[in-house]
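Chemist: Dumping the structure here so I can ask a few things about it.
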Amino acid sequence: SNETAEQRLQLRDHLLAAVLLMGFAFFINRGIEIKGLYMDDLYLWSCYGEQSFLEYVFPIGSTRFRFLYYLAAWLELALVGPNIRWIVHINIVLNGLLAFFLYVFGWKLSGRKLPGFLTGMLFLLSRMSYYQISQMYGLMETMALWMAVGIFWCLFRYLNGRQEEQDSRMFTAACWLYFGICFVHERYMVLLPVFFLVLL
């Protein structure tokens, strides 16, 4: 049918956008590499080797309680092991996926694929993309930014939804994302007034 053919074309366009954004992410960051860890990254890595899983993810007495980020960092270090150069590749892949998410967001907002694609490209060209590639804490920045965009996406769906039940689910999802982001990066706690603005 015509509808099925149109869906296939749309899926093809989305897959092409995903491949191009991921390829561009690796292309523009091709010269970045990690040869050693220092400061916060080195401390995070050393704690992984000295502490148990629970001590690492739920640090008692620490000035920051980022257990969701520490869980992701623990999983990343378990995957990477001594090959710290892989951190760059993991961060590039995460940024490429985030760029694709922004592409979808831009496409939904504008109704066209080109503005969405440019949104993803502009993110990859921005400081918010490249500066977190070469550090372990880049995982935290990417997670927090992804969750922040997710909050805005859910609140947008809440404001523009068609069904009351769906509206309620979108707002609840945004609340859960906000709860989670507080345990990834405390900087994003400032998003709280956005919820009240949306309700008003």
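Chemist: Give region 1-41 a look and list any residue that's among the polar types (S, T, N, Q) and either in contact with a Ser or Thr (Cβ under 7 Å, 6 or more places away or on another chain) or free of Cβ contacts under 8 Å to residues at least 40 places away in the same chain (or both), or say none.
Modeler: Ser1, Asn2, Thr4, Gln7, Gln10
Chemist: Let me ask something additional. Would you tally the residues in region 63-83 being touching a residue at least 12 places away in the same chain (Cβ under 8 Å) and either open to solvent by less than 30 Å² (accessible area, probe 1.4 Å) or of a type in the set (Asp, Glu) (or both)?
Modeler: Selection size over region 63-83: 7.
Chemist: Out of Leu125, Leu98, Leu102, which single residue is modelled with pLDDT under 90 and either farther than 23 Å from Tyr38 by Cα or in contact with a Leu (Cβ under 9 Å, 6 or more places away or on another chain) (or both)?
Modeler: None of the others qualify; the one that does is Leu125.
Chemist: Could you grab me the full set of residues in region 1-25 that are open to solvent by less than 90 Å² (accessible area, probe 1.4 Å) and farther than 17 Å from Tyr103 by Cα?
Modeler: Thr4, Ala5
Chemist: Is it true that Ile60 is free of Cβ contacts under 8 Å to residues at least 40 places away in the same chain, in a loop (DSSP other than H, G, I, E, B) and either farther than 26 Å from Ile151 by Cβ or of a type in the set (D, E, K, R) (or both)?
Modeler: The answer is yes for Ile60.
Chemist: Of the numbered conditions (1) hydrophobic (A, V, I, L, M, F, W, C); (2) modelled with pLDDT under 85; (3) farther than 26 Å from Leu125 by Cα, Ile34 fails exactly one; give the number of that condition.
Modeler: (3) is the only condition that Ile34 fails.
Chemist: Determine which single condition Pro59 fails, assuming it passes every other condition in (1) over 17 Å from Val93 (Cα atoms); (2) open to solvent by 100 Å² or more (accessible area, probe 1.4 Å).
Modeler: Among (1) over 17 Å from Val93 (Cα atoms); (2) open to solvent by 100 Å² or more (accessible area, probe 1.4 Å), the lone unmet condition for Pro59 is (2).
Chemist: Do you know which residues across region 134-158 are more than 18 Å from Phe65 (Cα to Cα), in a helix (DSSP H, G or I) and of a type in the set (Ser, Thr, Tyr)?
Modeler: Hit for region 134-158 is Tyr158, nothing else.
Chemist: Please count how many residues of region 16-50 are among the aliphatic types (A, V, I, L, M) and either more than 19 Å from the chain's Cα centre (by Cα) or not in a helix (DSSP H, G or I) (or both).
Modeler: Final tally of qualifying residues: 7.
Chemist: Go through region 84-127 and count every residue that is of a type outside the set (Phe, Trp, Tyr) and open to solvent by 50 Å² or more (accessible area, probe 1.4 Å).
Modeler: 16
Chemist: Further question on the same structure: Within region 137-162, restricting attention to residues that are surrounded by 19 or more Cβ atoms within 10 Å (Cβ to Cβ) and more than 9 Å from the chain's Cα centre (by Cα), which residue is farthest from Leu42 (Cα to Cα)?
Modeler: The residue in question is Tyr158.
Chemist: Go through region 167-186 and give me each residue that's in a helix (DSSP H, G or I) and either touching a residue at least 60 places away in the same chain (Cβ under 8 Å) or exposed (fewer than 12 other Cβ atoms within 10 Å of the Cβ) (or both).
Modeler: Answer for region 167-186, where residues must be in a helix (DSSP H, G or I) and either touching a residue at least 60 places away in the same chain (Cβ under 8 Å) or exposed (fewer than 12 other Cβ atoms within 10 Å of the Cβ) (or both): Phe179, Gly180, Glu186.
The values are calculated or read from the model by the stated rules, or taken from the named source; none is laboratory data. Computed from a predicted structure; not experimentally measured. Glycine also receives a Cβ, built like all others from the backbone with ideal geometry; neighbour counts cover every protein chain displayed. Surface accessibility is based on the protein's heavy atoms, side chains included, excluding ligands, DNA and RNA. Shrake-Rupley method; radii C 1.70, N 1.55, O 1.52, S 1.80 Å.
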